[in-house]
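Laboratory data are not the source of any read-out in this text; all were calculated from the coordinates shown. Keep in mind the model is a prediction, meaning the values are calculated, not measured. All Cβ positions, glycine included, derive from the backbone under ideal geometry; neighbour counts span all protein chains shown.
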Amino acid sequence: MLICDVLLPGIDGYTLCKRVRQHPLTKTLPILMLTAQGDISAKIAGFEAGANDYLAKPFEPQELVYRVKNLLTRITSDAPATPLPRGKIITVFGAKGGVGKTTIAVSLALALRLRTRRRVIIVDADLTFGDVAVHLNIAPTRSIVDVVRTSDEIEREMINQVLLAHPSGLQALLAPPRPEESELVNADHMIRILDLLAISADYVVVDCQTSYDDRTLSIFDRTDHVLLVITPEIGPLKNTSMFLSLAGQLGINQRAISIVLNRSNSGVGIGINEIERVLRRKVNFHVMSGGQPVVTAVNRGTPLILEQPKHPFVQQMLYIADQLIKQLETAQVTQPTPPTG
Amino acid sequence: MKPPTLLIVDDDDTLAEMLELMLRGAGYEVRRATSGEEALQQILQDSSRRADL
């Protein structure tokens, strides 16, 4: 461990700190900084440079000994032998608009929250016209755009501050309130935000926009499982087929994609056999049209899952949640190591 | 297990010497450097050999 004064001949204490943090061999070395009394800006600069603790001069030597002891215990017990536990990112995607993607994303997030009581975050990544806020009846006072507008470097704490809470315990990162602001969010932001959310939450459900821009691709890059929502109609079916071949090119494992056939009972559409023949794979989940109660629930901003637990639509969503929980627990996912923000 | 090694970087010799005595008394192995450059050199040399500094 390193104990260093701020004022030194040659490079100063901050620079020393930064250099130590930059070097792969020494970046985790505990650092205690000695600063002048009451100099708040020196203290902040020290932490920014990477110091773990500081002590203002003059100090009682005994205090230094305790600080050293504490810091060493803290750092060694913090130091993870394995990478930080990472929550699972589930992306809900519709190859065409109007297939009920947001209803399913919101219901899934709530189902995961109800089933596990763990920390679940829904991300409205339908950046231009997202309406997760409407489904959950949350006043959109803060959104993803506040994170990217504040600074170039996105920190975990900044994201925590813009999350909005739903009475169910679910948390939401909303889309920008104004469509034109969606342009402020770029692909790098998306990656950084998802990485930070994944280390904060057990499940991150992403309501993804129906487009193939680089922000969507960066979402897929970080996704553990894709829920691909289709309806029994020719338009969605054709687009879904195209998406599946694109997913192959993107290196998304076919097993990491589940197809959800929504409104499978609408009676006017294409039969299940025909759908599976066109897509050349099985439909994983069937969701019956929730009908009027689902629409009413959306309009009132009270998701059906919280009001009518016995409703068939709710039962199906809970079933999907259970299956995903099981599948993601056992899946050996190889993901890039997230930054520790 | 060897005690953790501490490196004190301070150009104030009197203070550094006092700290060294205190920390040795608390059971740590202590070394000193008087400049940032010297500290970096020591840290890097040590880190390539052992992990706890």
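Side notes on the structure shown:
- Between A:Glu63, A:Glu183, A:Glu274, the residue with the greatest mean-square fluctuation in the GNM of chain A (Cα pairs under 10 Å linked by springs) is A:Glu63.
- R0 of 35 Å, Cβ-Cβ distance A:Glu274-A:Ala165: FRET efficiency to nearest 0.05: 0.20
- Helical runs (DSSP H, four residues minimum) scored at -39500 (n - 2.57) apiece and divided by the length of chain A put the mean residue ellipticity at 222 nm at -13500 deg cm²/dmol.
- Based on Cα contacts under 8 Å between residues 6+ apart, chain A shows a relative contact order of 19 percent.
- Net charge dipole, chain A: roughly 1100 debye, given to the nearest 20, about the Cα centre with Cβ charges of +1 for Lys and Arg and -1 for Asp and Glu.
- Other protein chain Cβ atoms within 10 Å, averaged over every residue that makes up B:6-19: 5
- Rounded D (µm²/s) - chain A, Kirkwood Rh over Cα pairs, Stokes-Einstein at 37 °C, 0.692 mPa s: 147
- Other protein chain Cβ atoms within 10 Å, averaged over every residue that makes up B:33-45: 5
- Relative contact order for the stretch A:2-78, counting Cα pairs under 8 Å that sit 6 or more residues apart, in percent: 28
- Of A:Gln327, A:Gln161, A:Gln62, the one that fluctuates the most in a GNM where chain A has Cα springs shorter than 10 Å: A:Gln62
- Exercise: per-residue mean of other protein chain Cβ atoms within 10 Å, B:25-32: 2
- The residues A:Tyr14, A:Tyr203, A:Tyr66, A:Tyr319, when put in order of fewest to most other Cβ atoms within 10 Å, stand as A:Tyr66, A:Tyr319, A:Tyr14, A:Tyr203.
- Measuring against 32 Å, Cα to Cα, the residue pairs A:Lys96/A:Lys326; A:Lys101/A:Lys326; A:Lys69/A:Lys326; A:Lys27/A:Lys88; A:Lys27/A:Lys101; A:Lys27/A:Lys57 contain A:Lys69/A:Lys326; A:Lys27/A:Lys101 as the ones spanning a longer distance.
- Here the label points at A:Gln254 and A:Glu329, each 7 Å from Cα along the C-beta direction, are separated by 2.7 nm in the simple model.
- Taking A:Asn265, A:Asn273, A:Asn70 as the candidate residues, the one with maximal mean-square fluctuation in a Gaussian network model of chain A, Cα springs under 10 Å, is A:Asn70.
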